[in-house]
Structures are given as C-alpha cells and as structure tokens.
Amino acid sequence: MKCLFIGDIIGRTGRNAIKRFLPEIKEKYEPDFIVANAENSAGGFGITKKVYNDLMNSGIDVLTSGNHIFDKKDIFEFIEDVDNLLIPANYPPGVPGKRYGIYNVNGKNIGVINLMGRVFMGIPLDCPFRKFDEIYEDIKDKTDYIVVDFHAEATSEKNAFGYYVDGRADVIYGTHSHVATADEKLLPKGSIYLSDIGLTGAYHSIIGMDIETPIKKFLTGIGSKYEVSKDGLLFQGFFVDLTTKEFFRIKLYEEKWNSC
Ligand code: FE2
C-alpha cells in the first residue's frame, strides 16, 4: 500500500507546484493514496471550495489542515458537506468539520487522523495525546492502517507524540513549520516517523511567503500583510509503503520558475 503525504501547500504557488510535479511523481512511484495538508492553500491562509475542487482534481484523496483552516469564511459553507477534508481532532467540541476519516483503498481501510500540537500554537485545544487514545480505541478494529498528520510547531512535542503512539499508528508525520526535517525513522514498536515534511510552494520564500515583509518585521517590528512568494517552485513529500515499510522523503524543485 503506497502512500504519498504532501507537506503544507502554500497558496497558488503551492498549487502550481502540485500541477508541475505531482503527475511525474505519480508516474514514478504509483501511490495508491495521497494525503496533503491544505490549510494554507488559498492565498497562504485557509482554503476555499474552488481550491478544494482544484486539489481534488489533481488526484489528492484526503486533505488535512491545522490552525489556519478557518481563515477563509468560505470554509463554513462546505466543510460539513465533504468527507475528505479533516480538521485537527482536538479542536474543542462544537467546532465544525470532520476530525478523522476511514478510507477504503484497494480493499484496505486506512484511518487518517489530523491532530494539532499545543506548544506555541495559541489556540485553546484539547490534549492531542489523549484525543489520539480516544480515536484509536474507536477505529483500531475498523482499520488496517492508521496515519496521523500531527500539525505542530515544536519538534519536541512532535517527537514525544511519535513515541507515545508508536506501535498504534503506522505513520506519524508533522506539518505546520513549513521547514522539512531529516529525521525520518522507524520507531522501536514499528511506526514510521518524520517530524515535518516541509512546504510545497515557493522555492525562495520565508516559510512560503514573500521574503521582504517578514525581514522588515524582524528589523523594525512593523508588520504588513504577508503575500505568497512566487519565486521558484518546491514540492516536498513523504513516501511510505505501508506494506513493505519502505519510506523516503521527496524533494523536487525548479528554482527559476516564476508565475508572473
Ligand atoms: Fe499551521
């Protein structure tokens, strides 16, 4: 069972990176199931119905999210109507959206759980560790495989979560920081782990955004609206064969590409 997990898709540049690289990745690695984090896929913040449809048409099966999922008001119009766009399961009760899903792929049931860390996130979330325990008890007998997108800032929290769920989830990978880590490994009880896949968006950017505004903010404390960088294309993914336990990171880029 070959799976491709795609790091945070940042704005139109990220969607262009999907269009540019996903077809050749599909041809080369033949994934059976593709999951992408799409919380920044519309203008760098949130997702719209149109962008959701675009990503579905590109061949992605399931979208996960995080702290920016509700940034575009459009989300409230459709999030309850789709079964393959997930919000972090540890959002407080009452927040709209599907918190995990079970998807049948080639006769096997894959459970996808989206959770969010609490360190440096600034959102009143329930405990992601205990929320995993709760969901795991619900789905362990209904699934052949379980994968988790752990959307978090601190690598320490990601590490801790990985070892906490080792042997229960098949794959735990991180999103949110937009910077890839090189710590992919097999944990002692058999789970495959990566702290962060990194972004899919502009090659030259500050975590996907145009470089001028963040530098000005660091120098002066004065901020203005962040714009998605259009400078080059970068695709970052994590390929996992759930059957053979083979895994590796994928990084493809075109430094000179410009959407203008
Ligand atoms: Fe995020």
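No value in this document is a laboratory result; all are computed from the given coordinates. This is a predicted model, so every value here is computed, not measured. Note that each Cβ is placed from the backbone with ideal geometry, even for glycine, and that neighbours are counted across all protein chains shown.
Selection of the range 15-46 for residues being hydrophobic (A, V, I, L, M, F, W, C) and within 16 Å of the ligand (Cβ to nearest atom) yields Val35, Ala36, Ala38, Ala42, Phe45.
If you go through the range 88-114 and keep only what is among the aliphatic types (A, V, I, L, M) and farther than 13 Å from Val35 by Cα, you end up with Ala89, Val95. Here Glu39 meets the list (1) crowded, with 22+ Cβ neighbours inside 10 Å; (2) touching a strand residue (DSSP E or B) at 6+ places or on another chain (Cβ under 6 Å) almost entirely, failing just condition (2). When the criteria are applied in full, Ala180 fails the requirement of being out of contact with any helix residue (DSSP H, G or I) (no Cβ under 6 Å at 6 or more places or on another chain) and more than 17 Å from Leu4 (Cα to Cα).
Taken over the range 57-81, the criterion of being assigned to a helix (DSSP H, G or I) and free of Cβ contacts under 8 Å to residues at least 24 places away in the same chain is satisfied by Asn57, Phe76, Ile79, Glu80, Asp81.
On inspection, Asp149 passes the criterion of being in contact (Cβ under 8 Å) with a residue 60 or more places away in the chain, part of a strand (DSSP E or B) and within 16 Å of the ligand (Cβ to nearest atom).
For the subset of the range 152-178 comprising residues that are touching a residue at least 60 places away in the same chain (Cβ under 8 Å) and away from the ligand (no atom under 13 Å from the Cβ), which member is farthest from Ile192 (Cα to Cα)? The qualifying residue farthest from Ile192 (Cα to Cα) is Tyr173.
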